[in-house]
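The values are calculated or read from the model by the stated rules, or taken from the named source; none is laboratory data. Quantities reported herein were computed from a predicted structural model and do not represent experimental measurements. Here Cβ is always computed from backbone atoms with ideal geometry, including for glycine, and neighbour counts include all displayed protein chains. Accessible surface areas use protein heavy atoms only, side chains included; no ligands, DNA or RNA. Shrake-Rupley method; radii C 1.70, N 1.55, O 1.52, S 1.80 Å.
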Amino acid sequence: MTIRLLVGLGNPGPEYHATRHNAGFWWVDAVAARLGVRLSFDRGYHGLLARVNRAGGEPLWLLEPQTFMNLSGKSVAALARFYKIAPDEILVAHDELDLLPGHVKLKQGGSAAGHNGLKDIVEQLGSTDFWRLRLGIGHPGVKSEVIHYVLRKPLQEHREAIDRCIVRTLDALDLLLAGAMERAMMKVHTKPAAPKAALPAASVQEGETP
């Protein structure tokens, strides 16, 4: 098994670019830069798309659905069906409330755990077998504030921690793409130093608008 499709989850538009819910986009952007490719909009797959030709193997696809988070599966499933990409050949990078900023976990399968992007991908693929790269963004501490929290920009310290986490995962990129997931996990699961700033209270942060 090798990974043939890398997906980053987020919302389209400049107003969402720097918000926590777009951590998956940040990751795919970093991968694209590492691999020297640019994503461009493809109407047929409802997203920003790039192709990487690999010597002696299937091409690798990078995808950022532009359908808004709740309909991410529409984009992922369209591409996966056309190129006959199996669920276990897909890796989806997404924001994760249950991990602190700077922490990352790699796993296969499992529930969507309330993440609407993952939920739609499961429904559209008819499978939970795809891989997930869970990029920690922290939790506001109050469930009712989650929607507002993920659509706001992280504190600078937290964004820097997430960016360092993304760089760390790129060191495992070759292993991920080769399907050497246990070895990749050993690299990406290394615990970073905790961000100095505490998670913000469930209120509008300085410099942000609701």
Would you call Gly102 at pLDDT below 95 and surrounded by 20 or more Cβ atoms within 10 Å (Cβ to Cβ)? yes
For the stretch 1-52, which positions are among the acidic types (Asp, Glu) and in a helix (DSSP H, G or I)? Asp29
Surrounded by fewer than 19 Cβ atoms within 10 Å (Cβ to Cβ) and touching a residue at least 40 places away in the same chain (Cβ under 8 Å), is that true of Met69? no
Kindly provide the set of residues from the stretch 172-192 that are without any contact (Cβ under 8 Å) to a residue 60 or more places away in the chain and either open to solvent by less than 20 Å² (accessible area, probe 1.4 Å) or not β-branched (Val, Ile, Thr) (or both), ordered by number. Ala172, Asp174, Leu175, Ala180, Glu182, Arg183, Met186, Lys187
Quick one: in the stretch 100-137, which of the residues that are in contact with a Lys or Arg (Cβ under 6 Å, 6 or more places away or on another chain) and of a type in the set (A, V, I, L, M, F, W, C) is farthest from Lys74 (Cα to Cα)? Ile137
Output the number of residues of the stretch 30-39 satisfying the condition of being open to solvent by less than 50 Å² (accessible area, probe 1.4 Å), more than 14 Å from Leu5 (Cα to Cα) and free of Cβ contacts under 8 Å to residues at least 60 places away in the same chain. 1
Between a residue in the stretch 40-64 that is in contact (Cβ under 8 Å) with a residue 24 or more places away in the chain and any residue that is aromatic (Phe, Trp, Tyr) and surrounded by 12 or more Cβ atoms within 10 Å (Cβ to Cβ), which pairs come within a Cβ distance under 8 Å, given they are 6 or more apart or on different chains? Gly47/Phe41; Leu49/Phe41; Leu49/Trp61; Trp61/Tyr83; Leu63/Tyr45; Glu64/Phe25
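A quick yes/no check of all residues on (1) within 16 Å of the chain's Cα centre (by Cα); (2) not aromatic (Phe, Trp, Tyr):
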{"position": "Pro59", "(1), (2)": "no, yes"}
{"position": "Leu71", "(1), (2)": "yes, yes"}
{"position": "Leu79", "(1), (2)": "no, yes"}
{"position": "Ala93", "(1), (2)": "yes, yes"}
{"position": "His103", "(1), (2)": "yes, yes"}
{"position": "Phe130", "(1), (2)": "yes, no"}
{"position": "His148", "(1), (2)": "no, yes"}
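So which residues in the stretch 121-138 are buried (at least 18 other Cβ atoms within 10 Å of the Cβ) and not small (Gly, Ala, Ser)?
Correct list: Ile121, Val122, Gln124, Leu125, Phe130, Trp131, Arg132, Leu133, Arg134, Leu135, Ile137.
The rows are residues; the columns are (1) in contact with a helix residue (DSSP H, G or I) (Cβ under 6 Å, 6 or more places away or on another chain); (2) closer than 20 Å to Met1 by Cβ; (3) in a loop (DSSP other than H, G, I, E, B).
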site	(1), (2), (3)
Thr67	yes, no, yes
Asn70	yes, no, no
Lys84	no, yes, yes
Ser111	no, no, yes
His139	no, no, yes
Qualifying positions in the stretch 141-156 - open to solvent by less than 60 Å² (accessible area, probe 1.4 Å) and more than 25 Å from Thr169 (Cα to Cα): Glu145, Val146
How about the stretch 84-99: which of its residues are among the acidic types (Asp, Glu) and open to solvent by less than 10 Å² (accessible area, probe 1.4 Å)? Asp95
